[in-house]
Amino acid sequence: MNTMSPSISAEADMQSKGAAVPVPEHKRKDTLMEDKPEDTVIEEGKTVGKPFTDNPKFKLRNVDVSYGADRAIKNISLDIGRNEVIAFIGPSGCGKSTFLRCLNRMNDSIEICRVKGSFELDGQNIYESKRDVVELRARVGMVFQKPNPFPKSIYDNVAYGPRIHGLANRKSELDDIVENSLRKAGLWNEAKDRLDAMATGMSGGQQQRLCIARAIAVSPEVILMDEPCSALDPIATARVEELIAEMSESYTIVIVTHSMQQAARVSNRTAYFHMGHLVEVNKTDTVFTSPQHPLTESYITGRFG
Ligand SMILES: Nc1ncnc2c1ncn2[C@@H]1O[C@H](COP(=O)(O)OP(=O)(O)OP(=O)(O)O)[C@@H](O)[C@H]1O
Ligand SMILES: [Mg+2]
């Protein structure tokens, strides 16, 4: 017995005869975008959605970054809210890491990199000439894609920042900072009996949590994370995601990720970058359930990237 509905069987019949099948109305938009997502015109400096917030932690305006003659960031304006987790997503090479590195002046060390625009952290210009960059990086810490513990003991890795910044007067104070940071990073139980062991002897997931402990040991206000789970297995990834959720109560977190599931799980807001432009910013559910820009929609539905 033929169980196909009349309309489906008619379509199948037309296809079998090589006839052009009319595109159903609900599929038409998708098909057109699928053909040419890259041809969609982006108006420079225009971001759809809600790039601005009340009382932001970071207020970033007209940010432009070039490497030599190549512009990597094109007139981006964005607020990063207090105690929010904001995810940066977008295709490889669209400028996520470049933009992230502007927030604690990590691009300063790249000779050919030129950064323009206005960058305020709690209303203060982070690029003013008298700014102490070491102090800035204590306020705005960073966790990288690949765990990068120093070739020192577990204890010395976490104690490194507090020692440089003179945060402890006595050994017992330093011990407390190390313990608290390892606890917050969910590593204390695994590390407490081997604090003098080399950090490089830990597993990848443990090393990444150690790097998080090292970042939080100096009591930062903002933590920048550039694909922090891309070298981790699913269990270690889940542990780091739990940490992000716990840390979001005390810190502002900016996370670059290639995993849309991760962005959806951990962030409150999501920013979609495309070829140096900031195309769309909105609450994470809104970006994933009803993106407003066709490029965002193409990316999150996996049509390119
Ligand atoms: N140190 C550098 N010197 C020269 N060009 C660079 C440098 N770093 C980045 N770029 C260029 O800037 C653009 C943006 O790169 P960026 O690393 O910020 O992208 P991304 O979105 O983080 O990509 P991915 O997802 O692959 O990490 C690219 O065209 C890249 O080639
Ligand atoms: Mg990157």
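Bear in mind these aren't lab numbers, they're just calculated from the coordinates by the rules spelled out. Values in this document were obtained by computation on a predicted structure and should not be read as measured data. For neighbour counting, all protein chains shown are included, and Cβ atoms are generated from backbone atoms with ideal geometry for every residue, glycine included.
P(r) tail for region 53-125: Cα pairs beyond 22 Å make up 19% of the total. Each 10 Å bin, from zero up to the one with the longest distance, holds this percent of the alpha carbon pairs of region 83-132: 20, 50, 27, 3.
Distances between placed amide hydrogens fall under 5 Å for residue 253 paired with 84, 85, 86, 223, all partners being 5 or more residues away or on another chain.
Which whole-number percent is the relative contact order of region 186-279 (Cα, under 8 Å, 6+ apart)? Mind showing how you got there, number by number?
Numbers: 61 pairs, mean separation 23.8, N = 94.
Once normalised by length, the contact order is 25 percent.
Backbone N atoms of region 97-132 closer than 16 Å to the 7 Å Cα→Cβ label point of residue 61 belong to residues 116-128.
Using Cβ point charges alone (K and R +1, D and E -1), the dipole size of region 160-305 about the Cα centre works out to roughly 140 debye.
Its relative contact order, with pairs defined as Cα atoms under 8 Å and 6+ residues apart, puts the chain at 26 percent. Using every pair of distinct Cα positions in region 122-190, the Kirkwood expression returns a hydrodynamic radius of 14.0 angstrom. Shape summary: region 181-225 maps onto an equivalent ellipsoid whose semi-axes, from the alpha-carbon gyration tensor, are 19, 11, 8 Å in decreasing order. The listed peptides 54-61, 223-230, ordered by packing as a protection proxy, come out as 223-230, 54-61 (highest mean of other Cβ atoms within 10 Å first).
Here the chain is treated with +1 on each Lys and Arg Cβ and -1 on each Asp and Glu Cβ, and its dipole about the Cα centre works out to around 520 debye. The charge dipole of region 129-213, taken about the Cα centre with unit charges on the Cβ atoms of Lys, Arg (+1) and Asp, Glu (-1), comes to about 320 debye, rounded to the nearest 20.
Using per-residue counts of other Cβ atoms within 10 Å, averaged over each peptide, order 179-185, 62-68 from highest down. Write out the running numbers ahead of the final one.
Working: 179-185: 20.4, 62-68: 16.1.
My ranking of the peptides, most packed first, is 179-185, 62-68.
Rg/Rh, computed from the Cα trace of region 30-167 with Rh as the Kirkwood radius, has the value 1.02.
For a modelled paramagnetic label at residue 134, 7 Å from Cα along Cα-to-Cβ, the residues of region 161-205 in reach, with backbone nitrogen under 15 Å, are 161-168.
Just to confirm the number: angle between the C-alpha axis of helix 154-164 and the first principal axis of the chain, 0 to 90 degrees, nearest 10? With rounding to tens, the tilt is 80 degrees.
Mean 1/r over all different Cα pairs, inverted: what Kirkwood radius does region 187-264 give, in Å? The partial results should precede the final answer.
On the way: mean 1/r = 0.0753 Å⁻¹.
Kirkwood hydrodynamic radius for region 187-264: 13.3 Å.
Largest GNM mean-square fluctuation across 270, 237, 289, computed for the chain with C-alpha springs under 10 Å, falls on 289.
The angle separating the long axis of helix 25-35 from the principal Cα axis of greatest extent in the chain is about 60 degrees.
Given C-alpha coordinates of region 227-305, what is the ratio Rg to Rh with the Kirkwood estimate of Rh?
Details: Rg = 13.1 Å, Rh = 13.4 Å.
Reported Rg/Rh, Kirkwood definition of Rh: 0.98.
Hydrodynamic estimate: the Kirkwood radius of the chain over Cα pairs, inserted into Stokes-Einstein at 25 °C and 0.890 mPa s, corresponds to D of 115 µm²/s.
Using Cα centres only, tell me the gap between region 153-169 and region 226-305 in whole Å. When both Cα centres are located, 32 Å separates them.
For region 98-231, the number of Lys pairs with C-alpha atoms closer than 28 Å, counting only pairs eight or more positions apart or on separate chains, is 9.
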